Amino acid sequence: MTVTALILRFPKPLIRLFSTAVLAGVLSAAKPAETDWLQWGGPQRNFQAPVARLAKSWPSGGPKKLWSRPLGEGYTTVLAESGTVYTAFRRGEQEIVVALLAATGKTLWERAVEAPDRPDKRRPGVGVGPYSTPLIVGARLFFTASNGVLYALDKRSGRVLWEQDLWRKYEGNVVDPGYSSSPLAWKETVIVPAGGQGRGLICFRQQDGSVVWKKLDFENTHASPILINVDGQPQVVHFMQKDLIGADPDTGDLLWSYPHQTLFNAHASTPVWGSDNILFISTAYNGGSRALRLARTGGKTEVKELWRSQRMRIHHTNAIRLGDYVYASNGDFGPAPLTCINVTTGQIEWQERRFGKANLVSSGDNVIVLDESGKLILGVLSPKGAQVLAETEALTSTAWTAPTLAGNILYVRDRKEIAAFHLGE
């Protein structure tokens with residue numbers, strides 16, 4: 001007797017109970033684990049990791065290093081899932097997406113894609129790409145090379161499933177020194193900025209790369225889009241060259257736009273969304289910061305500016321929001337002290353110059369700071385100041401890539417190597 005036939009002999013209530021249990025198990029298995037870091041900015045795209053049991057201090061030599069290994073140039077952050085980590089780097093005229101064994105750093109597979117360097121388009125001090133961070137959804141990994149080609153890869157083998165050229169085929173505006181925006185998942189689709197008339201954002205079907213929608217008349221820049229919820233309505237928020245926009249992820253229709261410009265039409269730092277419907281944005285090159293409150297009224301989204309300030313200018317690093325306060329490195333070409341700003345008022349609470357220009361990731365009360373010199377810091381940030389619990393020299397080259405915290409394992413990289421540290425108790 002087959003299993004199906006045996007089940008059909010059960011009473012109907014038991015069959016319904018069995019079916020519900022199986023479905024729950026499937027859905028549970030499909031959900032990302034709390035230790036997974038599957039996209040730019042982590043689980044919620046805000047550089048806040050689930051609360052982990054982290055050590056409150058480190059030995060004099062720093063936290064336990066699990067492994068380190070050479071890696072090519074690039075700024076792609078590290079993704080982590082189920083014992084595998086993923087990132088991308090440059091090798092000659094190619095960009096390499098790589099899967100590594102999380103326990104040792106051993107290469108599991110590599111996928112090389114053509115992405116010629118454009119040194120004449122690079123700003124002083126900016127290294128070669130890749131600049132974008134991949135996205136993992138189910139069995140697929142989505143990666144956009146610095147030449148604007150979006151790839152869907154089989155995450156188990158690196159095999160190319162499909163590709164779309166955002167710059168050549170769809171005539172998206174070219175971003176110097178290379179494409180930087182990280183893809184965003186929505187339902188069964190992936191949304192990427194392209195830029196240009198009628199192609200500001202493009203939505204592709206994850207399964208086959210077919211276009212679901214292609215809309216909006218805005219030029220793209222360097223930042224990555226985020227997904228927010230405004231009074232029950234999901235919205236894609238993205239920095240374009242001269243505006244911040246909100247769009248319907250199902251249709252691509254424009255819901256609102258708000259002007260925000262810089263001297264070079266360059267925006268790199270990711271907007272920060274809060275549960276109080278306040279959207280914090282900050283850019284360098286004389287762009288400054290703003291706090292916008294969003295609300296749905298009469299079927300439309302209203303945008304109200306709460307404050308604007310030139311005292312806070314985030315360059316290419318990230319920002320995190322804890323309570324009513326945003327923490328980030330403040331400055332572009334000069335000093336960039338770690339700064340605390342009240343998101344509701346724009347009041348600067350403090351600035352700490354012992355930190356270099358840095359990227360941050362938080363877990364509960366702990367904040368991990370990785371500055372551009374490679375210094376790694378464990379601390380606690382509050383409106384009263386920055387408390388440093390421990391610090392060590394983790395990397396030796398320019399470290400502009402945001403750290404990844406997967407459970408109590410921290411992954412960091414610079415322009416030469418990648419390393420994993422155990423931060424647990």
Task: Candidates 295, 145, 266: whichever shows maximal mean-square fluctuation once the chain is modelled as a Gaussian network with Cα springs under 10 Å - done: 295
- [ ] Using label points projected 7 Å from each Cα along Cα→Cβ, tell me how many nm separate residue 91 and residue 382, to one decimal.
- [x] 4.9 nm
Task: Net charge over other residues, Cβ less than 12 angstrom from the Cβ of residue 141 (K, R count +1; D, E count -1) - done: +3
- [ ] Going by C-beta contacts inside 10 Å, put 304, 155 in order with the fewest on the left.
- [x] 304, 155
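In the structure shown, do any of 106/375; 64/375; 121/215; 106/155 have a Cα-Cα gap over 19 Å, and if so which?
106/375; 121/215
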Open item on the list: Report the gain in length on full extension from residue 354 to residue 34: 0.36 nm times residue separation, minus Cα-Cα distance, nm rounded to one decimal.
Closed with: 112.0 nm
- [ ] Neighbouring Cβ atoms within 10 Å as the yardstick, rank 355, 143 fewest first.
- [x] 355, 143
Open item on the list: For a Förster distance of 30 Å, can you work out the FRET efficiency between the beta-carbons of residue 188 and residue 110, rounded to the nearest 0.05?
Closed with: 0.60
Task: Where labels lie 7 Å past Cα in the beta-carbon direction, separation of residue 416 and residue 205 in nm - done: 4.8 nm
- [ ] Within the set of other residues whose C-beta is less than 11 Å from the C-beta of residue 314, count the net charge using Lys and Arg as +1 and Asp and Glu as -1.
- [x] +1
Task: Kirkwood Rh and Cα Rg combined as Rg over Rh, evaluated for segment 152-298 - done: 0.97
Task: Cα gyration tensor, segment 192-264 - rounded (a/c under 1.5), prolate or oblate - done: oblate
Task: Approximate spin-label separation residue 250-residue 69, in nm, with each point projected 7 Å along Cα-to-Cβ - done: 4.5 nm
Task: residue 160/residue 214 FRET efficiency (R0 22 Å; Cβ-Cβ; nearest 0.05) - done: 0.50
Open item on the list: Let me make sure I get this right: for the chain, a, b and c are the square roots of the gyration tensor eigenvalues over alpha carbons, sorted descending. Under 1.5 in a/c it's rounded, otherwise prolate if a/b > b/c, else oblate. Which is it?
Closed with: rounded
TODO: Would you work out if segment 257-412 is rounded, prolate or oblate? Take a ≥ b ≥ c from the square roots of the eigenvalues of the alpha-carbon gyration tensor; rounded if a/c is under 1.5, else prolate when a/b is larger than b/c, oblate otherwise.
DONE: prolate
Open item on the list: Just want the ordering: 109, 40, from fewest to most Cβ atoms lying within 10 Å of their own Cβ.
Closed with: 109, 40
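Using 1/(1 + (r/R0)^6) with R0 = 45 angstrom and r between the beta carbons of residue 82 and residue 275, what's the FRET efficiency to the nearest 0.05?
Efficiency, from the Cβ-Cβ distance: 0.95.
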TODO: Could you tell me which GluC sites (Glu not before Pro) in segment 119-203 are loop residues by DSSP with no more than 16 other beta carbons within 10 angstrom of their beta carbon?
DONE: 171, 188
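Every number here is computed from the coordinates shown, using simple stated rules; none is lab data. Worth saying up front: this structure is predicted, and the values here are computed from it rather than measured. FYI the Cβ positions are ideal-geometry reconstructions off the backbone, even for glycines, and counts take in every protein chain you see.
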